[in-house]
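Below is one structure, written out as structure tokens; the observations come after it.
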Amino acid sequence: MPIATPLTRLLGIEHPILLAPMDVVAGSRLVTAVSRAGGFGILGGGYGERAWLEQETAKLKELRAPFGIGLITWSLAKHPELLDIALAARPNAIMLSFGDPAPFSAKIKSAGARLICQVQDETMARQALDAGADILIAQGTEAGGHGAARTTVDLVPAIVDLAAGRVPVVAAGGIADGRGLAAMLMLGASGVLLGTRFYASEEADGADEAKRRICRAASGETVRGILFDLSRNNVWPAPFTGRCLINDHARRWIGREVELMQNVATVAIDYAAAKAAGNFDVAAVIAGESVGLIHDIPPAADIVARIATEAEQLLAGRHNSAGGVLPSPLMGEGGVVLTGYMGNRIDRRHG
Ligand SMILES: Cc1cc2nc3c(=O)[nH]c(=O)nc-3n(C[C@H](O)[C@H](O)[C@H](O)COP(=O)(O)O)c2cc1C
């Protein structure tokens, strides 16, 4: 029996599992696969490359399952017309990350879409709520890609308390399996948003070699910082830094960012050439701390099913995450009704 939460009810989805809007990696193929599997696919509009956005949103017009489109807020502010392209695809939600969503909120809502805001602390969460956010994504530092300093296990309950039931809160950063989903529901989240796990899926648009490197990487082999942004001449506003796999380029420049800045002209030329050649010893593989949990590149639908099933079993108290069978204090005669925090609810029968 699927896990029903305020999030699944609001978005009309089967499983409380969202695909993160990974710039270019989360294209229409991956969005379609996740949404058709009962999750919620969010297109990675990223910085808003117009031709790509037009091409991918055109393909989503055929999708008969709920989906969203994600955009980087500070970049959208420079090209606000991209929001019209996104809304023309009639998404169920627009997700805005990294910046003040207020200037875009009215247009999103009057188009009938929900506003999802990704936040990294309480100040950003208040700003998002003031702008009328319908869903908050609490993103911890474990996340792949850009983010900030707070950990998921610290941030999620803090944002849940701040939201106080007004809107569902979704946990992001470091989650890649059913244990992560179950744990986040226990912290009061209504669902999870996953990037790195879905990067290593058949339908993701990333390079095969990048996916293989995610599978090979051990836990602890990522780094958050500014060295890759400096190397590609794409400086982000504070407090945002990027998390990527540690490769030769990272090993060379970690702790030497000032020197990197002083040599940025030559570094950037070499970096661009390596990126064009698909040389991931230099070019970044954007990925989060959950890489240690990822060992295969399955269809995205399998990822959704595995995570949902594992979390359902854990929450029904049949196993702990090390595989031990637990007697569940929550199991009553003929089945269990687990009524969690903030209205999360799982109905189960024995079996
Ligand atoms: C390859 C990649 C690209 C990303 N691009 C974006 C983006 O364009 N916009 C955005 O809001 N977040 C982006 N993120 C961050 C995700 O929205 C999300 O917070 C993160 O992936 C969650 O952590 P996880 O990777 O541990 O699952 C990206 C993440 C990855 C891994």
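The values are calculated or read from the model by the stated rules, or taken from the named source; none is laboratory data. Please read these numbers as outputs of a predicted model, since none were measured by experiment. When we count neighbours, we look across all protein chains shown, and the Cβ atoms used for this are built from the backbone with ideal geometry, even at glycine.
Summary table below
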item	result
Some residue of segment 185-207 being in contact with a Ser or Thr (Cβ under 8 Å, 6 or more places away or on another chain), hydroxyl-bearing (Ser, Thr, Tyr) and more than 14 Å from the ligand (Cβ to nearest atom)	yes
Pair list, Cβ < 6 Å and 6+ apart or interchain, from segment 129-150 residues that are in contact (Cβ under 8 Å) with a residue 40 or more places away in the chain to residues that are within 14 Å of the ligand (Cβ to nearest atom) and among the acidic types (Asp, Glu)	GLU142/GLU289
Scan of segment 96-126 for residues that are over 15 Å from HIS146 (Cα atoms) and either in contact with an Asp or Glu (Cβ under 6 Å, 6 or more places away or on another chain) or of a type in the set (Asp, Glu) (or both), ordered by number	ASP100, ARG114, LEU115, GLU122
Every residue from segment 276-287 that is free of Cβ contacts under 8 Å to residues at least 40 places away in the same chain and within 15 Å of the ligand (Cβ to nearest atom)	ALA283
In segment 224-275, the residues that are among the charged types (D, E, K, R) and in contact (Cβ under 8 Å) with a residue 40 or more places away in the chain	ARG224, ARG232, ARG243, LYS275
Residues of segment 134-166 that turn out to be over 15 Å from the mean Cα position of the chain (by Cα) and either surrounded by fewer than 24 Cβ atoms within 10 Å (Cβ to Cβ) or among the basic types (Lys, Arg) (or both), as a count	14
Of residues in segment 73-96 being in contact (Cβ under 8 Å) with a residue 60 or more places away in the chain and not polar (S, T, N, Q), the one nearest to the ligand (Cβ to nearest atom)	MET95
Per-region count, segment 175-221, residues touching a Pro at 6+ places or on another chain (Cβ under 6 Å) and polar (S, T, N, Q)	1
Residue match in segment 201-221 (condition: closer than 24 Å to ARG256 by Cα, in contact (Cβ under 8 Å) with a residue 12 or more places away in the chain and not small (Gly, Ala, Ser))	yes
Scan of segment 113-128 for residues that are more than 15 Å from the ligand (Cβ to nearest atom) and either surrounded by 20 or more Cβ atoms within 10 Å (Cβ to Cβ) or closer than 25 Å to VAL24 by Cα (or both), ordered by number	ALA113, ARG114
Selected residue (criterion: nearest to the ligand (Cβ to nearest atom)) from residues of segment 216-246 that are within 20 Å of GLY278 (Cα to Cα) and exposed (fewer than 14 other Cβ atoms within 10 Å of the Cβ)	ASN234
Qualifying residue in segment 245-262 (condition: closer than 30 Å to ALA65 by Cα, of a type in the set (D, E, K, R) and in a helix (DSSP H, G or I))	no
Long-range neighbours under 6 Å by Cβ, at least six apart or interchain, first residue in contact (Cβ under 8 Å) with a residue 40 or more places away in the chain within segment 288-300, second assigned to a helix (DSSP H, G or I) and away from the ligand (no atom under 15 Å from the Cβ)	ALA300/ALA33
Residues satisfying the stated conditions in segment 28-69, i.e. closer than 17 Å to ALA200 by Cα and within 12 Å of the ligand (Cβ to nearest atom)	LEU30, ILE42, LEU43, GLY44
Every residue from segment 129-148 that is part of a loop (DSSP other than H, G, I, E, B) and more than 12 Å from the ligand (Cβ to nearest atom)	ALA131, GLY132, ALA133, ASP134
Candidates ALA218, ALA183 - the one that is assigned to a loop (DSSP other than H, G, I, E, B) and either at pLDDT 95 or above or farther than 14 Å from GLY144 by Cβ (or both)	ALA218
